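Any read-out appearing in this document is the output of simple, stated calculations on the displayed coordinates, not a laboratory observation. Predicted model only: the values in this text are computed from it and were never measured. Every residue, glycine as well, gets a Cβ built from its backbone with ideal geometry; the counts of neighbours run over all protein chains shown.
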């Protein structure tokens, strides 16, 4: 996975947020033309596994605070967890709609409005249930000097894919937040049909 450096000026900067003061670094993925972001806090050298969240872009949830999904609450809960730990990293990947893109995601929303669940809506469009690729995440972690991680996720496939890319996932920490009446069916589908670690009791 190639990350292109287009100038001799580092793509890093200080980023104060409402959670804490992070460092932000941009990674340009040459094969897709996408810019991905890493927010880091503290020293990434260990010796303990680094607390990591690999978060896929969600315009509707992250920016517009849609309650159709749990993405926005997960983003902020992950940043809060990193701050409470005192060090860690959040990778923000430009893989909207589990990798299908914004236009197709809204089309999938339309199908969900007509009764399809989140998995079938993607399949009805001829798209994968989850089209994300975590090779770029592994490349970013390698460039940040991170090998051993505690991963904030409910998705066992994310753990598997990172391990296949050479990242040592020591622990998985669940991140079940933002459950509401608008996304309960969505989360149920992820648990029952997509293998996510989400139980009915947590919903």
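Check residue 70 against each of (1) more than 19 Å from residue 22 (Cα to Cα); (2) free of Cβ contacts under 8 Å to residues at least 60 places away in the same chain; (3) crowded, with 21+ Cβ neighbours inside 10 Å; (4) under 13 Å from the mean Cα position of the chain (by Cα) and name the one condition it does not meet.
(2)
If you take the residues in the range 114-136 that are part of a helix (DSSP H, G or I) and under 17 Å from residue 97 (Cβ atoms), which one is farthest from the chain's Cα centre (by Cα)?
124
Could you tell me whether residue 108 is surrounded by 23 or more Cβ atoms within 10 Å (Cβ to Cβ) and in contact with a strand residue (DSSP E or B) (Cβ under 9 Å, 6 or more places away or on another chain)?
No; evaluated as a whole, the condition is false for this residue.
Against the condition more than 16 Å from residue 55 (Cα to Cα), over 13 Å from the mean Cα position of the chain (by Cα) and touching a residue at least 12 places away in the same chain (Cβ under 8 Å), how does residue 141 come out, does it pass?
In short, no.
Note down all Cβ pairs under 6 Å where the first residue falls in the range 20-37 and is assigned to a loop (DSSP other than H, G, I, E, B), the second is exposed (fewer than 14 other Cβ atoms within 10 Å of the Cβ), and they're at least six residues apart or on different chains.
Within 6 Å, the pairs are 30/2; 30/4.
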